[in-house]
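Structure record follows, encoded as structure tokens.
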Amino acid sequence: MMSSLLQKLLLGVPLACLASGALTESLDSNYKIDVHSHVVPSVWKEELISAGYPVKDGVLYTDGFPVADWTLDSHISTMDSLGINYSTISVSAPGVFFLKEAQKAKSLARSVNTLLHNYTQTHPTRLGALCLLPLPYVDEAVEELEFCLDTLGFVGVGLFTNANGTYLGDSALDPIFSALKTRNASVFVHPASPDCTSVALGHPIPMTEYPFDTVRAIENLLLTGQRAQYPDIKMIFAHGGGAIPFLATRIAGMSSLPSLGGLLVPESMAQLAGYYFDTAASTSAIQLAALKSFVGAGQILTGSDYPYVPLSQAQPALSAIEGNGDFTTAEMGQINNQNALAVFPRIIDALNLN
């Protein structure tokens, strides 16, 4: 039987409308909600250094890439410079999964989440927090998810494509998805390094392996059946979905082979295209044309990737979206704010838009 998600997609129902029903239209199309921005708390940096991540000339490196300097004040001032009105904040890779003991990972995640909450309390109409989970320790992660969503009122949850090789799609993560489903909670997925770091050929892993790890996670969600099991959980994948707009038809075609499960190509395509994607590092005409063709403006969201993408690059990138994507004013309203409100309806309460 055709899945309900596939039926709705084939009937042309916009995913944003499926996600949240009637959206508020009180925001101007230029009001920007950035769903992809990061914080770099000192307690997190200190743990990374203690774990052996290299420091060169006073700069900490993770996955071969420098960890940006960050302060709460600089975050807000950069939002002002970029014309960003509201940001969801999260911690980038490697999260806390570099810690090999469950209790240490749980403790650091709780410390970081407490700070995230404090930041949002300082700037309640500018910032919303995405919960950092101590994966791959599932029991501890479910407990932290419940605390962040039920007690602290976070707008959503941050996940990674993999945590120490446990990829989205792994049945071990079913309790996480079950807890998300119970709460009608939404997810922002950031890529992480694959275990086999040699594939980067000595170059910084974020350069190409982050985009391809996004593909690995989305592919695994399809092939293991986890996305079909939890089709209604709203998920954003970073960086325009990596290479997924280009590879989706190849993945769907191969997944139809008996040896890979014999999945129906139209249903596989509906699953692969059943996510949201942000514009961080994905604002060229080629990238936006692919995204627009793959999912349409109703599933594209604004993302800056600050502070890892510096202001000097983020500013022209955000300004280029409308022209490079040939988007209408109405479509820019979707990309700038309406789609974000569909994914994270708690922002509506934070902004008093009810």
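Residue count for region 92-111 under the criterion of being surrounded by fewer than 24 Cβ atoms within 10 Å (Cβ to Cβ) and touching a strand residue (DSSP E or B) at 6+ places or on another chain (Cβ under 7 Å): the result is 3. If I filter region 112-119 for residues that are of a type in the set (A, V, I, L, M, F, W, C), surrounded by fewer than 17 Cβ atoms within 10 Å (Cβ to Cβ) and either in a helix (DSSP H, G or I) or touching a strand residue (DSSP E or B) at 6+ places or on another chain (Cβ under 9 Å) (or both), do I get at least one hit? Within region 112-119, none of the residues are of a type in the set (A, V, I, L, M, F, W, C), surrounded by fewer than 17 Cβ atoms within 10 Å (Cβ to Cβ) and either in a helix (DSSP H, G or I) or touching a strand residue (DSSP E or B) at 6+ places or on another chain (Cβ under 9 Å) (or both). If you filter region 79-111 down to residues that are closer than 19 Å to S42 by Cα and in a helix (DSSP H, G or I), you find that the one that is nearest to the chain's Cα centre (by Cα) is A109.
For every residue, the table says whether it meets (1) of a type in the set (F, W, Y); (2) at pLDDT 95 or above; (3) under 26 Å from the mean Cα position of the chain (by Cα).
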{"residue": "F246", "(1), (2), (3)": "yes, yes, yes"}
{"residue": "S256", "(1), (2), (3)": "no, yes, no"}
{"residue": "G261", "(1), (2), (3)": "no, no, no"}
{"residue": "M269", "(1), (2), (3)": "no, yes, yes"}
{"residue": "Y276", "(1), (2), (3)": "yes, yes, yes"}
{"residue": "T279", "(1), (2), (3)": "no, yes, yes"}
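Here I205 meets the list (1) modelled with pLDDT of 95 or more; (2) over 25 Å from D139 (Cβ atoms) almost entirely, failing just condition (1).
Which of the residues that make up region 26-48 are more than 16 Å from F188 (Cβ to Cβ) and of a type in the set (S, T, Y)? Correct list: S26, S29, Y31, S42. When restricted to residues that are within 19 Å of F344 (Cβ to Cβ) and of a type in the set (V, I, T), region 211-241 contains 2. Among residues of region 149-188 being among the β-branched types (V, I, T) and touching a helix residue (DSSP H, G or I) at 6+ places or on another chain (Cβ under 7 Å), the one that is farthest from Q299 (Cα to Cα) is T166. Checked across region 222-237, the condition of being surrounded by 20 or more Cβ atoms within 10 Å (Cβ to Cβ), in contact with a helix residue (DSSP H, G or I) (Cβ under 7 Å, 6 or more places away or on another chain) and within 25 Å of T62 (Cα to Cα) holds for at least one residue.
When region 247-285 is limited to residues that are of a type in the set (S, T, Y) and touching a residue at least 40 places away in the same chain (Cβ under 8 Å), the one that is nearest to I218 (Cα to Cα) turns out to be Y275.
Six or more apart or on different chains, Cβ atoms under 7 Å: show the pairs whose first residue is in region 161-188 and within 24 Å of K100 (Cα to Cα) and whose second is in a helix (DSSP H, G or I) and small (G, A, S). Final answer for the pair search is T161/A217; N162/A217; T166/A172; Y167/A217; L168/A217; G169/A217; I176/A141.
The rows are residues; the columns are (1) touching a residue at least 60 places away in the same chain (Cβ under 8 Å); (2) of a type in the set (G, A, S); (3) surrounded by fewer than 12 Cβ atoms within 10 Å (Cβ to Cβ); (4) more than 30 Å from Q121 (Cα to Cα).
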position: Y53; (1), (2), (3), (4): no, no, no, yes
position: V59; (1), (2), (3), (4): no, no, yes, no
position: S74; (1), (2), (3), (4): yes, yes, no, no
position: D80; (1), (2), (3), (4): no, no, yes, no
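Considering only residues in region 298-354 that are assigned to a helix (DSSP H, G or I) and among the charged types (D, E, K, R), the one that is nearest to V35 (Cα to Cα) turns out to be R346.
The requirement of being closer than 19 Å to V35 by Cβ and part of a helix (DSSP H, G or I) is fulfilled nowhere in region 250-258; no residue meets it.
The values are calculated or read from the model by the stated rules, or taken from the named source; none is laboratory data. Bear in mind the structure is a predicted one, so any value in this text is a computation, not a measurement. Because the Cβ atoms are built from the backbone with ideal geometry, glycine has one as well, and the counts that use them run over all protein chains shown.
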